[in-house]
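Worksheet for the structure shown next.
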C-alpha cells in the first residue's frame, strides 16, 4: 500500500495522520536496526571474541591501565591478575543461539542510533518554528556523539570495574562462580547502554529548558540532591570502593554542570528574542 502524506502546508494533520506518520518513522527505524543487527550477526567472532568477552581477559586495556595505577599507589592485587576467577556457561539448548540474536539486535541499535534519532527528528521537526529548527540543527550529531561516548565509557570503564568485582566476589571458597551466558551479556549490555543514555543528559536538559519545564535556577537549587543521586547510582553500578565510584561519578557530575550552562544559554537566548520583539521577559 502506498504511503499517503498531507502535502498541504496550510492544513493541519489530524491525530490519525500523526499516528500514520509515526508508524512509518518507527518502521524505517526498525528496518535500520534489523539491517545493522544482521551485519552484526554475520560478524559473530568480532562481536563476541573481540567485544563481548574482551573485558573478561586480563589484557583488556582498562585492566592494564588500572594495574599500572594500582602498582604506583601500592594496591597491585586489586587489578593485576592473569585471569578472572569465573567461567561463562550456557545451560539451555538454544541459549547460545538466542544470545547471538539478541546481542546482534543490541549491536544493531547502537550502530543505527544516529538514524533512529534522524527519524525521531523528522517526526518532531514539522511542529517546531523555523528559528527553533535552526537552533537545533546539530541535534543529531551532538546526541549521537554523546551516546557513543557514553557507550564507550560504559564498556571501557563501568563494565570492567563491575566484572572485576562481581566476578571475583565470593561468600565462601566452596562456591565457584559459574555465570550464565545471558547474565554475563546482560551485564555488558546494561553497563554500555545505560551509560550511553545517561550521557544524553545535556540534550534532555536542552529540550526541557526550551519548553520551560526546568530552569538554570532549578538545576542549581537541586544540585546537591543531584550529586547524592549520582553517588547512589555510582555505588549501585560499581564495586564498593571509593576509587571506582569516583571514576564513574565524575563524568556524570561534569555532564550535570554542562547541562546547567546549556540551560543558561537557552534562557538567555529566549530573553534576547523576547526583547527583540518588544515583549517583557
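The values are calculated or read from the model by the stated rules, or taken from the named source; none is laboratory data. Nothing here was measured: the structure is a model prediction, and the numbers come from that model. Note that we place each Cβ from the backbone using ideal geometry, even for glycine, and neighbour counts take in every protein chain shown.
Here is a yes/no grid of residues against (1) assigned by TED's automatic domain parsing to the domain that holds residue 138; (2) at pLDDT 85 or above:
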position	(1), (2)
170	yes, no
179	yes, yes
217	no, yes
229	no, no
238	no, no
256	no, yes
263	no, yes
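Checking each residue of region 34-42 against the condition of being surrounded by 14 or more Cβ atoms within 10 Å (Cβ to Cβ), farther than 30 Å from residue 138 by Cβ and either modelled with pLDDT of 90 or more or out of contact with any helix residue (DSSP H, G or I) (no Cβ under 9 Å at 6 or more places or on another chain) (or both) gives at least one match.
For residue 123, the test of being surrounded by 14 or more Cβ atoms within 10 Å (Cβ to Cβ), modelled with pLDDT under 90 and either assigned by TED's automatic domain parsing to the domain that holds residue 55 or within 26 Å of residue 57 (Cβ to Cβ) (or both) is passed.
Of all residues in region 162-205, those being farther than 27 Å from residue 256 by Cα, part of a helix (DSSP H, G or I) and touching a helix residue (DSSP H, G or I) at 6+ places or on another chain (Cβ under 9 Å) number 8. With respect to the conditions (1) under 30 Å from residue 273 (Cα atoms); (2) part of a helix (DSSP H, G or I); (3) touching a helix residue (DSSP H, G or I) at 6+ places or on another chain (Cβ under 7 Å), residue 214 lacks only one, and its number is (2).
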